[in-house]
Amino acid sequence: MIYDIFISYKRKSLATANNLYYRLTTRGYSTFFDLEEMRRDNFNVQLLNYIENAKDVFVILEEGSLDACKQDNWENDWFCKEISHALKTKRNIIPILIGDYKMPKQEFFPNELRELSLKNAPEFSFSYFEEYLNKLIEKGYITSEAEIKNQATSIFKFYSNENCQVFKEGKLVCSLDGMADEPYYLPVPRKGDYRFKCINSITAESQTLKEHIDADEERDVDIHWDDHKPFIPDQEWPEAKIVSGDSFIVELGNIQFEMLRVDGGTLEIGATKEQEKDAENNEYPAHNISLQTFYMGRFPITQNIWEVVMGYNKSHFKYKQETVIENAKLKNLLVGAHLGSAFGPIGAIVGGAAGSAIGWFSGREKKLMNKGHYPVENLTYDDAQEFVRRLSKMINIQFDLPTEEEWEYAARGGQKSKRYRYAGSDNIDDVAWYRNNSDRSTHPVGEKQPNELGLYDMCGNVWEWTKTPAYPYATPIEPDGNVFIRRGGSWWHEDKNCRVSRRYASDRSKKTSGLGLRVVIRENIE
């Protein structure tokens, strides 16, 4: 079959590509849009034929889409290969730049792709998608002709609260990102009854949906998954576990993460002598606190752990986490960032619901898999609290967000404190990713030096929510229950905002690409 329009995209841009396909199709354009996870070697040759026969090729670009261009083996990246083939065969290329992304200059590209930098199109906006297409047509950017004006098409619009895959008649329809802002649009050629099988990418739980649709109808299909069940199927609430030792390993199926013991004691916090140069008003006065022993995560919560617990991942830098999975070639060990969606139908599941037919891996070595993964971010205070609630239920241990006193006590090194300006050093580059060294992005946890307690990334990379409502040290004012303290600084902040005493108040609804969390345990400690 010959298509007039070809849509080229990276998996991270799936929602935009699907939205574009839906809007072009309903306008009557013959449009090719493939699911990357369905590609096989023999199909890739056909893809190049589709490009050769297309009149227009849309190339969707956003932050990270062209990272492969920086590699010597860029030809192995199918997205780059599609662009190269479109340029070579002189197709009409229409770039869509998402999220304020700017087209790189010619010198960024390998020689075969440099012509892409000369392509242009009207500025794109999600809010004005229809107007954008109208402008492309009016100004002649789209050279194809619509086959049928106002073509009648029925559309299923899929939503899911967790990552899952949708199948029809045994064939993959789509891989849904949980809690996505946009649905997945599925045009169907006829009215009538349809049956879809849905498989949860985290738990392997399945459900069958029977849906009816009429001609010219857009029908919402909401796929709802219940909270993940505790991992002990026959005993949901066993006797509470005792946490002891210098460290405690939290097991989530085949993923583990480590909590370190922070021995209690008394310590001075706030605008202490080494902090005074840049201390803010809300850091005064310096004062002593006394805390009981608690356990704190060695690293911030990473995206693979978040996804196993929550079933979705809306991190801004999710695409970087997906690259970790791809580079590690974990095609048989799905660990969170893209679980079913990157590797086709469920072949192996990390974790598993109590009633899952697939269940757990057996005989496979367990690993502390959060080190080397990217921190989860772009989450609100309530998102963080919901993670804590679900994690506590799954493991049967009471987890919590740290208070800001616990956070600063641990960041300073507790009873091992050497009174550093940052967590583990007076030289911020030793211990933190911040504005001057981050290259405008988060980084995998554990790449910098730890502090005196062995805790990593307490400064920089991502801010961390605490459970403490914002209040001034100096004046006893009743705190506002909608504004909470976050600590630690982030990849996009300057060094003075990454100090161990820096307090930053944020509305509970605040979420940014530099705001994540770390968890603590206070109860049943031996």
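The values are calculated or read from the model by the stated rules, or taken from the named source; none is laboratory data. Because the structure is a prediction, the values reported are computed rather than measured. Glycine also receives a Cβ, built like all others from the backbone with ideal geometry; neighbour counts cover every protein chain displayed. These area figures cover heavy atoms from the full protein model, side chains too; ligands, DNA and RNA do not enter into them. Shrake-Rupley method; radii C 1.70, N 1.55, O 1.52, S 1.80 Å.
Tabulated values for the structure
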quantity: Cβ-defined net charge surrounding Asn200, 15 Å radius [Lys, Arg +1; Asp, Glu -1]; calculated: -4
quantity: Interchain or long-range residues, amide H under 5 Å from Asn254's placed H; calculated: Gly351
quantity: Listed residue pairs exceeding 30 Å between alpha carbons, taken from Lys273/Lys467; Lys241/Lys467; Lys241/Lys318; Lys318/Lys510; calculated: Lys241/Lys318
quantity: Asn53 paired with Lys197, simple spin-label distance in nm, labels 7 Å along Cα-to-beta-carbon; calculated: 3.1
quantity: Sequence of Arg114, Arg486 when ordered by accessible area, the most exposed leading, probe 1.4 angstrom; calculated: Arg114, Arg486
quantity: Accessible area of region 168-309 divided out per residue, in Å², using a probe of 1.4 angstrom; calculated: 50
quantity: Under Karplus coefficients 6.51, -1.76 and 1.60, residue-wise ³J(HN,Hα) of region 244-252 in Hz, glycine/proline x; calculated: 8, x, 5, 9, 9, 8, 9, 9, 10
quantity: Residues with amide H under 5 Å from that of Ile94, placed H, sequence gap 5 or more; calculated: Val57, Phe58, Val59
quantity: 10 Å beta-carbon shell around Ser417, net charge (K/R +1, D/E -1); calculated: +2
quantity: Whole-Hz couplings from phi, Karplus 6.51/-1.76/1.60, listed for region 372-385; x for Gly and Pro; calculated: x, 9, 7, x, 6, 8, 6, 10, 7, 4, 5, 4, 4, 5
quantity: Nearest 10 degrees, 0 to 90: helix 14-26 Cα axis against the chain principal axis; calculated: 30
quantity: Gained length - Arg435 relative to Gln415, 0.36 nm times residue gap less alpha-carbon distance; calculated: 4.2 nm
quantity: Aspartates and glutamates whose Cα lies under 14 Å from that of Lys191, excluding same-chain neighbours fewer than 8 positions away; calculated: Glu211, Asp214, Asp216, Glu217, Glu218
quantity: Partnerless Cys - the chain, beta-carbon criterion under 4.7 Å; calculated: Cys69, Cys80, Cys164, Cys174, Cys198
quantity: Overall dimensions of region 397-467 as given by Cα atoms, namely Rg and Dmax in Å; calculated: 12.3, 39
quantity: Dimensions in Å of region 380-526 - Rg and Dmax from alpha carbons; calculated: 15.0, 43
quantity: Within the accessible area of region 420-493 (1.4 Å probe), percent carbon and sulfur; calculated: 47
quantity: Nearest-0.05 FRET efficiency for Leu35 and Glu145, computed from C-beta distance (R0 22 Å); calculated: 0.25
quantity: Calculated FRET efficiency for the pair Tyr128/Asp226, C-beta based, R₀ 41 Å, to 0.05; calculated: 0.65
quantity: Sequence-distant lysines (8 or more away, or on other chains) whose Cα lies within less than 18 Å of Lys171; calculated: Lys157, Lys197, Lys210
quantity: Normalised per residue, the volume of the convex hull around the Cα set of region 250-298 (Å³); calculated: 113
quantity: 5 angstrom amide H check on Arg421, placed H, neighbours 5+ away; calculated: Asp426
quantity: Label-point separation in nm, Ile477 to Asp72, each point 7 Å along Cα→Cβ; calculated: 6.0
